[in-house]
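This report refers to the structure that appears directly beneath it.
The values are calculated or read from the model by the stated rules, or taken from the named source; none is laboratory data. These numbers were taken from a predicted model, which means no experiment stands behind them. Glycine also receives a Cβ, built like all others from the backbone with ideal geometry; neighbour counts cover every protein chain displayed.
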Amino acid sequence: MRMIALSLCILGVGIGAFAQGAEQKKPNIVVLVADDLGYGECGCQGGKDIPTPHIDSIAKNGVRCTNGYVSCPVCSPTRAGLITGRYQQRFGHEFNPGPPQQAEKNFGLPLTEKPFPTYLKEAGYVTGMVGKWHLGYRDDYQPPRRGFDEFFGFLGGAHPYLPNRPTPANPIMRDGKAVEEKAYLTDAFAREAAAFITKHQKEPFFLYLPFNGVHAPIQPAPRHAGLFGDIKDEKRRKFASMLTAVDEAVGVVLDTLKKTGTLNNTLVFFISDNGGPTKQTTSRNDPLRGFKGQVFEGGIRVPFLVQYPGHLPAGKTYEQPVIALDILPTALAAAGGKVPEKIKLDGVNLLPYLQGENKKAPHEILTWRFGQQWAIRKGNWKLLKTGKMAPMLFDLSTDLGESKDLAADKPEIVKELQKDYDAWNSQLSKPLWQRPRQQ
């Protein structure tokens, strides 16, 4: 009996140690970023004419943040904010750079800033990036020098999807060297992402996958020919193919996580980098006002989905405002990483909020500055200025489409929000380069 008891005791310790080790296993982190995808396109966001089952599955199996924002209405600054967890205006990364041939020599995420993958490498992660960088062209600004162990993608702001369009100024690269890619580009990114997950399934990994879909040029996947014949507008029909390719690529990533047995230990984010440029691509921001390049809701409010099996509820909507700056501190909290005290993040760890443990709003205030445009949201009040006109005030709880300016009726609210914005704005740096003619 004594031997049996001792054996059971040892077995219990062993099981306890195993369970403890399983509990302490670091989660994988996957960040999926669509390019120029409007707020209202995906099925889970109310879209009707283009099925997005794989993107929608993230909302079904996780949390959909209905008030999800990015920190800028255009590509590069948003990415600078996401990858640092800090308002990019704090370090002068306020504008897009323009094409590689026209960009300022100092364009790029400043070397003084610590990017996302470096935190996770310090926490024991292998880090990989597949897709669009748009945070610097020079060697010392490129992904392999900014914390990524592996990189497949391109450095610029836009890229053709079809392989018969040579791009010597903005080539597809693998770990710093130009390569020839013969696949439809979104499909190639899906292939590379799946390979990275498969290769590193036995170790904690961070995969950053910023697609160039559905950014212009409008180039549908040849394999989708005839798929959207019921859509009469040709541009919209081509756009539907591009969005379908992104959705299928998301499906490849999720399926690879499932096949490798890593899905249930992976924290997945899906966002867009800004609102849709409706006139250029037909990407819709319904029911919001405005589009890419504007600080109206249509330019800065985006699909924002988070999935983390066993840690976040499934099929939940979260109504409080959140922002892409929150992705880094949320992932780092899940990974057990740390931020040096000298680095002041603007993002917050969303896990206790999405889990329902913290009932307060993650942010009392969210702010935006984009040249002469600026905006501030405090509670449901939003004050914004688009140019030389006086600031406009909207109550987003009753006027999501920002159709009724209440500034004349609520001067005390205008004064309060203007004061809050000025206090934030006084902390910011001047832009390191100026806005190009074409964003």
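Condition (residue is in contact with a Pro (Cβ under 6 Å, 6 or more places away or on another chain) and at pLDDT 95 or above) applied to the stretch 231-241: is it met by at least one residue? Quick ask: steps written out before the conclusion?
Step one: filter the stretch 231-241 for residues in contact with a Pro (Cβ under 6 Å, 6 or more places away or on another chain), giving 238, 241.
Among the residues that remain, those that are also at pLDDT 95 or above are: 238, 241.
Yes, the stretch 231-241 contains a residue that is in contact with a Pro (Cβ under 6 Å, 6 or more places away or on another chain) and at pLDDT 95 or above.
Within the stretch 371-398, the only residue that satisfies the criterion of being surrounded by fewer than 18 Cβ atoms within 10 Å (Cβ to Cβ), among the charged types (D, E, K, R) and closer than 18 Å to residue 361 by Cβ is 395. When you check residue 431 against the structure, is it surrounded by 11 or more Cβ atoms within 10 Å (Cβ to Cβ), modelled with pLDDT under 95 and assigned to a loop (DSSP other than H, G, I, E, B), yes or no? No.
Within the stretch 88-106, is there a residue that is in contact with a strand residue (DSSP E or B) (Cβ under 7 Å, 6 or more places away or on another chain), more than 24 Å from residue 214 (Cα to Cα) and not in a loop (DSSP other than H, G, I, E, B)? Checked the stretch 88-106: at least one residue is in contact with a strand residue (DSSP E or B) (Cβ under 7 Å, 6 or more places away or on another chain), more than 24 Å from residue 214 (Cα to Cα) and not in a loop (DSSP other than H, G, I, E, B). When the residues of the stretch 33-60 are filtered to those that are part of a loop (DSSP other than H, G, I, E, B) and among the small types (Gly, Ala, Ser), the one that is surrounded by the fewest Cβ atoms within 10 Å (Cβ to Cβ) is 46.
Listed residues 228, 189; which is in a loop (DSSP other than H, G, I, E, B) and among the aromatic types (Phe, Trp, Tyr)? Write out each step before concluding.
On the way: 189 fails: in a loop (DSSP other than H, G, I, E, B).
Just a single option satisfies the conditions, and that option is 228.
Let's see how each residue does on (1) in contact with a helix residue (DSSP H, G or I) (Cβ under 9 Å, 6 or more places away or on another chain); (2) in the same structural domain as residue 39 (by TED's automatic domain parsing):
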position: 348; (1), (2): yes, yes
position: 396; (1), (2): yes, no
position: 411; (1), (2): no, no
position: 419; (1), (2): no, no
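State the number of residues belonging to the stretch 124-164 that are of a type in the set (Lys, Arg), outside any loop (DSSP other than H, G, I, E, B) and crowded, with 19+ Cβ neighbours inside 10 Å. So the answer is 1.
The numbered conditions (1) touching a Ser or Thr at 6+ places or on another chain (Cβ under 8 Å); (2) outside any loop (DSSP other than H, G, I, E, B); (3) closer than 26 Å to residue 125 by Cβ; (4) not charged (D, E, K, R) are all true for residue 196 except (1). Among the residues of the stretch 200-219, is there at least one that is within 22 Å of residue 142 (Cα to Cα) and without any contact (Cβ under 8 Å) to a residue 24 or more places away in the chain? No - not one qualifying residue is present in the stretch 200-219.
Would you point out the residue of the stretch 21-32, among those that are in contact (Cβ under 8 Å) with a residue 40 or more places away in the chain and among the hydrophobic types (A, V, I, L, M, F, W, C), that is surrounded by the most Cβ atoms within 10 Å (Cβ to Cβ)?
Here is the first cut: in the stretch 21-32, the ones in contact (Cβ under 8 Å) with a residue 40 or more places away in the chain are 25-32.
From what's left, among the hydrophobic types (A, V, I, L, M, F, W, C): 29-32.
Working: 29: 28, 30: 26, 31: 22, 32: 24.
Among them, the one singled out is 29.
Residues in the stretch 128-146: is at least one β-branched (Val, Ile, Thr), touching a Leu at 6+ places or on another chain (Cβ under 6 Å) and closer than 22 Å to residue 198 by Cα? Within the stretch 128-146, one or more residues are β-branched (Val, Ile, Thr), touching a Leu at 6+ places or on another chain (Cβ under 6 Å) and closer than 22 Å to residue 198 by Cα.
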